[in-house]
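All remarks here apply to the structure that follows.
The values are calculated or read from the model by the stated rules, or taken from the named source; none is laboratory data. Nothing here was measured: the structure is a model prediction, and the numbers come from that model. Heads up, the Cβs are rebuilt from the backbone with ideal geometry, glycines too, and the neighbour counts pull from every protein chain shown. All accessible areas refer to the heavy atoms of the entire protein, side chains included, with ligands and DNA or RNA removed. Shrake-Rupley method; radii C 1.70, N 1.55, O 1.52, S 1.80 Å.
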Amino acid sequence: MPGRDDAAAGRPGRDRGTPPRERAAPPASSGTAHDAGHPPSSARVTVRSGPKVTLLGSAKPGPDAGDQVLGDAGADVTPEETGAPAEEAPTARKRSRPKLSNLAPLAELRRTKRAEGPPDESADVLAFPEPPRRRRRRRLLLGAAIAAALVAGLFAVLLFTPLVAVRSITVQGTHLLTARQVEDALGPVRGRPLATVGTDEVGRLLGQFVQVKSVRARAVPPETLVVDVVERAPVALVKQGQKLLVVDGDGVVLGEARDTSQYAVPVIDGSAMPMGQAVFKAVTAVLAALPADVLAQLATASAQSPDSVQLKLADGRSVVWGNADDRELKAKVLAALMKAGQAPQKGQAPVQVFDVSTPRHPVTR
């Protein structure tokens, strides 16, 4: 119509002399019937016994490459064979298409995956040998764990089972006490595991005896408890009336003596120096510092004050001691003077007095 032609002629960008491009109708494939302008949305593959494969429907590749089919084995499908438009042929040729020989394995693989579920990733993991350093470290840790378990088991046996219990007690170091007295006092620990009986508990049980100064307990498996007792050393006999009390260097009364010959210690007149006073403690402290051989030669000990301690030897000689200071040094000086006085030189009178009140300048007369 003229009006339509004029309108077409007035459209911008359109050249009147140029005829519209004619679209060539795609040739129909042999053995295929389609309605023009209504291509199917999906493709269906028919595999025949012959070498030819016919593609029905659109030639556009689907989302699954395994659903695409080629013509002859190893041959590309042309646009004329697939019925695709000519302008889409280059795009179809650029896509990577599998060979016909790969279709069956791909289909079989897809069926296997659907049937078996997710693949086992561990099947693709390679097992490499463990490094020697890590192996040694694991062995060391295992050995340490076993050793710790054995030690824990041993401690459990020692602490919580009667297999290693106290059945016999051996007492050593007693002079003022008898071994029977100590064993009877330690009766509560019998039947207890050895590992649970310590020095503190033994000392607490023996604390009832004033004669015990210190104690040490040690276990001798499987059933023996050895108790080493350190008793207080008697240093004097205190005469009070008809009694003779045995005292140590701290003035602690250890018991009674039958007579003065029972202990080789001097005698203190308790009426002149009551026990517990400073004078009495000064005398006992001096006697505790003397060696045993010198202490055995003393007959009496007396003092009017803490600074005027005097000793009397059994042979009649005397010792001026002074106070209780430097008593260890005074004891050594006195022992040396007494040893030298045993063999006086010719023309010299025997020594009767040993004055060690000033130990660095002793005097004999």
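Miscellaneous remarks
- Net +/- balance of residues flanking ALA285 in space, Cβ distance below 9 Å, scoring K and R +1, D and E -1: +1
- Within the shell of other residues whose beta carbon sits under 15 angstrom from the beta carbon of GLN172, the net charge comes to +1, with Lys and Arg scored +1 and Asp and Glu -1.
- In terms of its alpha-carbon gyration tensor, the stretch 166-324 comes out prolate; a/c meets the 1.5 threshold, and the first ratio a/b outweighs b/c.
- Solvent exposure of VAL230, expressed as accessible area, is near 80 Å², computed with a probe of 1.4 Å over the protein chains only.
- The dipole here belongs to the stretch 238-365: it is taken about the Cα centre, uses +1 on the Cβ of Lys and Arg and -1 on the Cβ of Asp and Glu, and is about 380 debye.
- Accessible surface of PHE280, taken over heavy atoms with a 1.4 Å probe and every protein chain present, rounds to 0 Å².
- Mean separation of Cα contacts under 8 Å, 6 or more apart, over the residue count of the stretch 249-324: relative contact order %: 28
- Using Cβ point charges alone (K and R +1, D and E -1), the dipole size of the stretch 306-355 about the Cα centre works out to roughly 280 debye.
- Net charge over other residues, Cβ less than 15 angstrom from the Cβ of VAL227 (K, R count +1; D, E count -1): +1
- Accessible area per residue in Å² at 1.4 Å probe, computed on the stretch 221-317: 47
- Accessible area per residue was computed with a 1.4 Å probe on protein heavy atoms; SER357 scores about 50 Å².
- With the charge dipole of the stretch 136-206 set up from +1 on Lys and Arg Cβ and -1 on Asp and Glu Cβ about the Cα centre, the Cα lying farthest toward the positive end among the listed residues ALA179, ALA156, LEU142 is that of LEU142.
- Taking the charge dipole of the stretch 304-349 about its Cα centre, with +1 at Lys and Arg Cβ atoms and -1 at Asp and Glu Cβ atoms, the residue from LEU311, LEU329, GLY341 reaching farthest to the positive side is GLY341.
- Given charges at beta-carbon only (K, R positive; D, E negative), |dipole| of the stretch 213-276 in Debye: 20
- Lysine-lysine proximity count for the stretch 221-365, Cα under 23 Å, sequence distance 8 or more or distinct chains: 11
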